[in-house]
Amino acid sequence: MLKLKVAGMTCGHCAQTVTKAVEAVPAVERALVDLKAGEVTIEGSADERAVRQAIEDAGYDVRDAA
């Protein structure tokens with residue numbers, strides 16, 4: 001399991017965008033976004049760099065691991 005802080009998420013649409021971006025990364029089984037905490041938890045064996053890149057490509061900033 002991987003947990004990352006994501007900056008810039010302000011609404012449900014943001015959470016949905018991040019979820020879809022992360023779940024499109026190979027080996028991601030599930031992405032759970034906690035909008036209030038500004039975190040995303042990733043289940044599976046995905047490469048952390050690929051997950052970070054997907055989030056950044058969706059327009060959000062990845063902070064230090066939560």
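The values are calculated or read from the model by the stated rules, or taken from the named source; none is laboratory data. Since this is a predicted model, take the numbers as computed values, not measurements. So basically every Cβ, Gly included, is an ideal-geometry build from the backbone, and we count neighbours across all protein chains shown. These accessible areas exclude ligands, DNA and RNA; they are computed on the full protein's heavy atoms, side chains included. Shrake-Rupley method; radii C 1.70, N 1.55, O 1.52, S 1.80 Å.
Can you give me the accessible area per residue for the chain, using a 1.4 Å probe, in Å²? Don't skip to the answer; put the middle values down first.
Numbers: 3930 Å² over 66 residues.
Per-residue accessible area for the chain comes out at 60 Å².
Ordered by residue, what ³J(HN,Hα) values in Hz, to whole numbers, does segment 7-17 give under the Karplus form 6.51 cos²θ - 1.76 cosθ + 1.60, where θ = phi - 60° and Gly and Pro are x?
8, x, 7, 10, 8, x, 5, 4, 4, 5, 4
Run the 1.4 Å probe and let me know the accessible area of E29, rounded to the nearest 10 Å².
140 Å²
Excluding A37 itself, calculate the net charge of residues whose Cβ lies under 13 Å from the Cβ of A37, where each Lys or Arg counts +1 and each Asp or Glu counts -1.
+2
Using θ = phi - 60° and the Karplus relation 6.51 cos²θ - 1.76 cosθ + 1.60, list the HN-Hα couplings for segment 28-36 in order, rounded to whole Hz, with x at every Gly or Pro.
In residue order, the calculated couplings are 8, 8, 6, 10, 10, 9, 10, 4, 4 Hz.
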